[in-house]
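Chemist: Got a structure for you, questions after.
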Amino acid sequence: QVQLRESGGGLVQAGTSLRLSCAASGRTFNMYAMGWFRQAPGKDRELLGAVTRDGEYLADSVKGRFTISRDNAKDTVYLQMNSLKSEDTAVYYCVATDQVYWNIQALVYKYWGHGTQVTVSS
């Protein structure tokens, strides 16, 4: 089993930055991909980005403002969020999978964190 623990969420003002962290623990040696989803009230869950052993994906909706990175030695994935907007308000979930697949966007994530709330005030 793999456990994911997110940190770094909170209440911030529009235009500022926030960095989310997610540390994986447990049986992480086969972990192929780690990434982030978010879900805003009344909206579908959205894949923001993921980092695999073979590549990286970042959603068009956040390109230019968000970056995703992974520290394999620490089994940790980060989401750096800059120029935050009120529409970025959501619960952000860390995800991970040991599935190996060429299409990062089509990965099915077996492991999910509990989520961390990000609220951006305008």
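The values are calculated or read from the model by the stated rules, or taken from the named source; none is laboratory data. Remember, predicted model here, so these are calculated numbers, not experimental data. Positions of Cβ are backbone-derived with ideal geometry, glycine not excepted, and every protein chain shown enters the neighbour counts. Ligands, DNA and RNA are excluded from the accessible area calculation, which covers all protein heavy atoms including side chains. Shrake-Rupley method; radii C 1.70, N 1.55, O 1.52, S 1.80 Å.
Chemist: Quick one: which strands (runs of 3 or more DSSP E) sit completely within region 9-122 and have at least 3 residues that are open to solvent by less than 10 Å² (accessible area, probe 1.4 Å)?
Modeler: So the answer is 33-39, 46-52, 76-81, 90-97.
Chemist: Scan Q99, Q80 and give me the residue that is among the polar types (S, T, N, Q), closer than 24 Å to S122 by Cβ and touching a residue at least 24 places away in the same chain (Cβ under 8 Å).
Modeler: None of the others qualify; the one that does is Q80.
Chemist: Hey, another quick one. Looking at region 73-109, which of its residues are at pLDDT below 95 and basic (K, R)?
Modeler: If the condition is that a residue be at pLDDT below 95 and basic (K, R), then K74 is the only one that fits.
Chemist: Consider G42 against the criteria (1) free of Cβ contacts under 8 Å to residues at least 12 places away in the same chain; (2) at negative phi: it satisfies all of them except one. Which criterion is unmet?
Modeler: Of (1) free of Cβ contacts under 8 Å to residues at least 12 places away in the same chain; (2) at negative phi, only one is false for G42: (2).
Chemist: Report whether or not S7 is modelled with pLDDT of 95 or more, touching a Phe, Trp or Tyr at 6+ places or on another chain (Cβ under 6 Å) and over 18 Å from L107 (Cβ atoms).
Modeler: So S7 does not fit the description; no.
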